[in-house]
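First the structure, in the form of structure tokens, and then the observations on it.
Every read-out reported here was derived from the displayed coordinates using simple, explicitly stated rules and does not represent laboratory data. Quick caveat: nothing in here was measured; it's all calculated off a predicted structure. Cβ coordinates were reconstructed from backbone atoms using ideal geometry, including for glycine residues, and neighbour counts include every protein chain displayed.
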Amino acid sequence: MICTFLDYKLEVEKGDIANQPDLDVVVNAANAELAPGGGVAGALHSKAGPELYRECKQLAPIKPGEAVITKAYNLPNKNIIHCLGPVYGKDKPEDELLASCYRNSLQLAEENSLSSIGFPGISTGIFGYPPELAVEVVFNTVLAVLPGMKHLKTLKFVVFNDDDLHLYESKLKDIRTD
Ligand code: AR6
């Protein structure tokens, strides 16, 4: 499902964040060491190849809410932005830390003149953030930050299951303008 918000295209798709050839940059739900892990990090590192971790080691560790950018190596994108989301119930305030992940990622994409970005549901897997709470933070943050962006035009939420697809679709319907 696609909708437009001002000059921007917002999209949700059920799929694999490691297989998004139409996007300039994809976001990693990373760990503090920026190491290959499970979930999103595992998928991105295994497809990008071992050179990614070599670059990541120079940038680690990062703190919850922070984001850093690397090359994408064997992935079909220009770059990867690595964010450390909050562990739900541990890193507080979790809503502000999650918002920082999305805000910092969008700013990094803009600074690097990237025009399209793909986000997974940061913190909603192993880190335990309830998806229905996370999606509120995501939309509040994205809709507040996007209007300042000049290079960035397309934002895709790449979700992994039907429940998350329906959550994002219902939020997109609320802001539908086309
Ligand atoms: N494409 C899109 N979404 C995915 C994919 C994929 N290939 N794989 C999982 N998801 P998670 P977190 C969904 O656990 O909660 C890692 O091991 C998943 O269903 O990847 O931020 C790191 O090393 C969930 O909705 O990220 C960290 O230690 C969402 O993406 C830790 O997990 C995020 O799940 C980070 O945990």
- Message: Using the Kirkwood formula on the Cα atoms of the chain, what hydrodynamic radius do you get, in angstrom to one decimal?
- Response: 15.9
- Computed about the Cα centre, the charge dipole of region 83-123 from +1 Lys/Arg and -1 Asp/Glu charges at the Cβ has a magnitude in debye, to the nearest 20, of 100
- Would you mind calculating the gained length between residue 140 and residue 8 on full extension (0.36 nm times residue separation, minus the Cα-Cα distance), in nm to one decimal? 46.0 nm
- Kindly provide the trypsin sites (Lys or Arg not before Pro) of region 35-140 that DSSP labels as loop, not H, G, I, E or B, and whose Cβ sees at most 13 other Cβ atoms within 10 Å. 90
- Note on the structure: On the formula 1/(1 + (r/R0)^6), with r taken between the Cβ atoms of residue 95 and residue 166 and R0 of 25 Å, the FRET efficiency rounded to 0.05 is 0.70
- For the chain, give the share of DSSP beta bridges that are antiparallel, in percent and rounded to the nearest 5; count only bridges with both residues there. 35
- Query: So what is the 222 nm mean residue ellipticity for the chain from helices alone, if each DSSP H run of at least 4 adds -39500 (n - 2.57) and you divide by all residues, rounding to the nearest 500 deg cm²/dmol?
  - Reply: -12000 deg cm²/dmol
- When only C-alpha pairs under 8 Å and at least 6 residues apart count, what is the relative contact order of the chain, in percent? 31
- Rounded Å value of the spacing that divides the Cα centres of region 70-128 and region 131-178: 14
- Taking R0 as 25 Å, what's the FRET efficiency between residue 46 and residue 115 from their Cβ-Cβ distance, rounded to 0.05? 0.40
- If you place +1 on the Cβ of every Lys and Arg and -1 on the Cβ of every Asp and Glu, how big does the dipole about the Cα centre of region 2-175 come out, in debye to the nearest 20? 460
- Item | Value of relative contact order over region 5-92, rounded to a whole percent, pairs C-alpha under 8 Å and six or more apart | 33
- What is the percent of Cα-Cα separations in region 77-164 that go past 18 Å? 41
- Neighbour cut-off at most 16 other Cβ (10 Å), DSSP loop, GluC sites (Glu not before Pro), region 1-89: 33
- Message: Check the chain for me: any Cys whose beta-carbon has no other cysteine beta-carbon within less than 4.7 Å?
- Response: 3, 56
- Item | Förster radius 30 Å - calculated FRET efficiency between residue 54 and residue 87, Cβ distance, rounded to 0.05 | 0.70
